[in-house]
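**Q** What follows is a single structure, and I will ask about it in a moment.
The values are calculated or read from the model by the stated rules, or taken from the named source; none is laboratory data. As the structure is a prediction and not an experimental result, all values here were calculated from the model. Positions of Cβ are generated from backbone atoms using ideal geometry, with glycine treated the same way; all protein chains shown enter the neighbour counts. All accessible areas refer to the heavy atoms of the entire protein, side chains included, with ligands and DNA or RNA removed. Shrake-Rupley method; radii C 1.70, N 1.55, O 1.52, S 1.80 Å.
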Amino acid sequence: MGKDVIIACDFSNKEETLKFLDLFKDEKPYVKIGMELFYGAGPEIVKEIKKRGHKIFLDLKLCDIPNTVMKAMKVLSELDVDMCNLHASGTIPMMEAAIKGLTRADGTRPLLIAVTQLTSTSEEVMKRDLLIDEKLDKVVMHYANNAKLAGLDGVVCSPLEAGKVKEVCGKEFMTVTPGVRFADGEVGDQVRVTTPEKAKEIGSDYIVVGRPITQAEDPVAAYRRCVAEFVG
Ligand code: C5P
């Protein structure tokens, strides 16, 4: 499995996004497109970035009844994204339906990963609002295992959980990890962070990096530093 750095393109419109990508002359970074940009700019932004030769992780976190998710995934598959995701809380039947919808007539499909518990959900809130009276760590590993049983390729998780996910689900099960910061950089609003080097050591397959690259004085240099530290 190839390790790679995915840039979180958290821009609010197409112009800003393409202006940012224009900075990259010698490389075609893997990019993450989230809800804000997708809902604002529409599927055209995916087509445009694909046309420029980038790989795309479309981070829309689907969660609905199996039939609806299956049909929505079919649309995303036709957009030719490389990776997309859903909420594991949608249950195994929903995840199986997602795989079915994503799989093209020739048997190929984009990678599909699951969100377990959002990192914004604390154990206390999980118990209070969701009535889940278990350790957060146990719930994350259980959901990751459900994703594996449903045939998904991996999960989005904190780099600090990546090692444990590999222990529970096997080393081929992908971990895609945000919450990455340079050792000498700003942490911002992220709480549990680690460096690209440390994420590599723990076993992340892909790191998702936003502001340390997009807000850097020299984004291309920051991207290259990330790749050097994470991929080597
Ligand atoms: O700017 P920063 O590096 O914090 O961006 C991280 C990206 O990963 C953002 O797009 C954020 O929404 C996303 N993300 C996250 N934590 C999660 C899931 C996604 O930071 N648990």
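**Q** Please list the three semi-axes, largest first and in whole Å, of the ellipsoid equivalent to the range 4-230, using sqrt of 5 times the eigenvalues of its alpha carbon gyration tensor. List each step's numbers first, then the result.
**A** Working: eigenvalues 140, 106, 50 Å².
Equivalent ellipsoid of the range 4-230: 26, 23, 16 Å, largest first.
**Q** Summing Lys, Arg as +1 and Asp, Glu as -1, what charge do residues with Cβ under 11 Å from the Cβ of Val140 carry, Val140 excluded?
**A** Surrounding charge for Val140 is -1.
**Q** Then there's this: Take Glu27, Glu16 and sort them by solvent-accessible surface of the protein heavy atoms, 1.4 Å probe, largest at the top.
**A** Values: Glu27 40, Glu16 85 Å².
The residues order as Glu16, Glu27, largest area first.
**Q** Nearest 0.05, what FRET efficiency do Ala105 and Lys14 give at R0 = 25 Å with Cβ-Cβ as r?
**A** Working: r = 31 Å, r/R0 = 1.23.
According to the calculation, E is roughly 0.20.
**Q** I would also like to ask the following. Say the dipole of the chain comes from +1 at the beta carbon of Lys and Arg and -1 at that of Asp and Glu; which of Tyr206, Leu18, Thr108 then lies farthest toward its positive end?
**A** Thr108
**Q** Whose amide H sits under 5 Å from the amide H of Ala216, counting only residues 5 or more places off or on another chain, with H placed in the peptide plane?
**A** Here nothing satisfies the definition.
**Q** Additional query: Please compute the net charge surrounding Gly210, taking Lys and Arg as +1 and Asp and Glu as -1 over other residues with Cβ under 9 Å from its Cβ. Display every interim value, and only then the final one.
**A** Details: positive: Lys32, Arg211; negative: Asp10.
Here the count lands on +1.
**Q** Another question, if that's okay. According to the square roots a ≥ b ≥ c of the eigenvalues of the Cα gyration tensor, what is the shape class of the range 114-232, taking rounded for a/c under 1.5, prolate for a/b larger than b/c otherwise, and oblate for the remainder? Write down the numbers at each step before the final one.
**A** Values: a/c = 2.62, a/b = 1.55, b/c = 1.69.
Oblate is the answer for the range 114-232, as a/c is 1.5 or above yet b/c matches or exceeds a/b.
**Q** Of all DSSP beta bridges in the range 82-232, what percent run antiparallel (nearest 5)?
**A** Of the beta bridges lying entirely in the range 82-232, close to 0 percent run antiparallel.
**Q** Which aspartates and glutamates does Lys166 reach when only Cα atoms under 19 Å apart count, and residues fewer than 8 places away in its own chain are ignored?
**A** The reachable aspartates and glutamates, counting only those whose Cα sits under 19 Å from Lys166, are Asp4, Asp137, Asp153, Glu197, Glu201, Asp205.
**Q** Still on this structure: Enumerate the aspartates and glutamates that Lys14 could reach by cross-link, defined here as Cα to Cα under 15 Å, with residues fewer than 8 away along the same chain left out.
**A** Within the straight-line cut-off, Lys14 pairs with Asp22, Glu36, Glu44, Glu48.
**Q** Charges only on Cβ, +1 for Lys and Arg, -1 for Asp and Glu: so what's the dipole of the range 4-230 about the Cα centre, in debye to the nearest 20?
**A** Using Cβ point charges on Lys, Arg, Asp and Glu, the range 4-230 gives about 520 debye.
**Q** Once phi is turned into ³J(HN,Hα) by the Karplus curve 6.51 cos²θ - 1.76 cosθ + 1.60 with θ = phi - 60°, what whole-Hz value does each residue of the range 128-133 show in order, with x for glycine and proline?
**A** Listing the rounded values in order: 5, 8, 9, 6, 9, 9 Hz.
**Q** Order the following by accessible area, largest value first: His142, His87. Probe radius 1.4 Å; ligands, DNA and RNA are ignored. If you can, show how the numbers build up before the last one.
**A** Values: His142 105, His87 35 Å².
So, going from the largest accessible area down, we get His142, His87.
**Q** What's the ranking of 116-126, 96-106, 205-215 by average number of surrounding C-beta atoms within 10 Å, highest first?
**A** Details: 116-126: 15.2, 96-106: 17.2, 205-215: 21.6.
Order by mean packing, descending: 205-215, 96-106, 116-126.
**Q** Another one. List the lysines whose Cα lies under 21 Å from the Cα of Lys127, skipping any in the same chain that are fewer than 8 positions away.
**A** Within the straight-line limit of under 21 Å, Lys127 reaches these lysines: Lys135, Lys138.
**Q** Now, a different point. Would you check the accessible area of Phe24, probe 1.4 Å, heavy atoms only, in square angstrom rounded to 10?
**A** The accessible area of Phe24 comes to roughly 10 Å².
**Q** Per 0.36 nm of contour for each residue apart, how much would the distance between Glu124 and Val220 grow if the chain were fully extended, relative to their Cα-Cα spacing?
**A** Full extension from Glu124 to Val220 adds 30.6 nm.
**Q** Leaving ligands and nucleic acids out of the surface, order Met35, Met1, Met94 by accessible area at 1.4 Å, largest first.
**A** Final ranking, largest accessible area leading: Met1, Met35, Met94.
**Q** Using the structure shown, list the pairs from Lys28/Lys164; Lys3/Lys28; Lys28/Lys74; Lys25/Lys55; Lys3/Lys32; Lys171/Lys200 with a Cα-Cα distance above 21 Å, or answer none.
**A** Lys28/Lys164; Lys28/Lys74
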